[in-house]
1. Residues with beta-carbon under 15 Å from that of Thr26, excluding Thr26: net charge, scoring Lys, Arg +1 and Asp, Glu -1?
2. Among (i) 59; (ii) 34; (iii) 22, which is the computed percent of Cα pairs over 22 Å apart?
3. Less than 11 Å Cβ to Cβ from Arg17, Lys/Arg counted +1 and Asp/Glu -1: what total charge do the surrounding residues give?
4. Read phi for every residue in segment 17-23 and hand back ³J(HN,Hα) as whole Hz from Karplus 6.51 cos²θ - 1.76 cosθ + 1.60, θ = phi - 60°, with x for Gly and Pro.
5. Taking the Cα centre of the chain as origin, sum charge times position over the Cβ atoms of Lys and Arg (+1) and Asp and Glu (-1), and report the length of that vector in debye to the nearest 20.
6. Using Cα pairs under 8 angstrom and six or more residues apart, how large is the relative contact order of the chain, in percent?
7. Compute the long axis of helix 98-107 from its Cα atoms, compare it with the longest principal axis of the Cα atoms of the chain, and write down the angle in degrees, 0 to 90, nearest 10.
8. Pulled fully out, how much extra length does the chain show between Leu107 and Lys9, if you take 0.36 nm times their separation in residues and subtract their Cα-Cα distance?
Amino acid sequence: MPSMNLKEKIGDRLKKRRASLGMSLTELSDASGALYSPSRIGNYEQGIRMLPLEVANALAIPLECSATYLLCYDENETISNMSPAQQQLLKAYMDAPASLQEGVRRLLNMKD
């Protein structure tokens, strides 16, 4: 079996965490305030769509884990090899409100 890409690893982690809590896709959607449909969450789980940080933050609460866990940051060599200043910048971005994160992405010409 070929190795999973990052989207697939994140999706697998999201699905396993949800399953470990005995939640259905609909229950997770409802628990997150119905901000994200069961279909969209399913797309993240299947690795069809990349899980954005703001969605990971929202889903982490009902999943009783951190967004960094869902996004596999603990397994990402790029992040572990960052300088302290780069890690601080990433943390500031992750802690920022979604509107500010969106502004930063626009400034850097980045898509979700």
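Nothing in this text is a laboratory measurement; each read-out follows from the coordinates by a stated rule. What you see is a predicted model; the values in this text were computed from it and never measured. Glycine also receives a Cβ, built like all others from the backbone with ideal geometry; neighbour counts cover every protein chain displayed.
1. Here the count lands on 0.
2. (ii)
3. Details: positive: Arg13, Lys15, Lys16, Arg18; negative: Asp12, Glu45, Glu64.
Overall, the nearby charge balance is +1.
4. Couplings: 5, 4, 5, 5, 9, x, 9 Hz.
5. On the way: 13 positive and 13 negative charges, 47 e Å.
The calculation lands at about 220 debye.
6. Across the chain, relative contact order equals 24 percent.
7. 50 degrees
8. Numbers: separation 98, 0.36 × 98 = 35.28 nm, distance 2.82 nm.
In short, 32.5 nm is gained.
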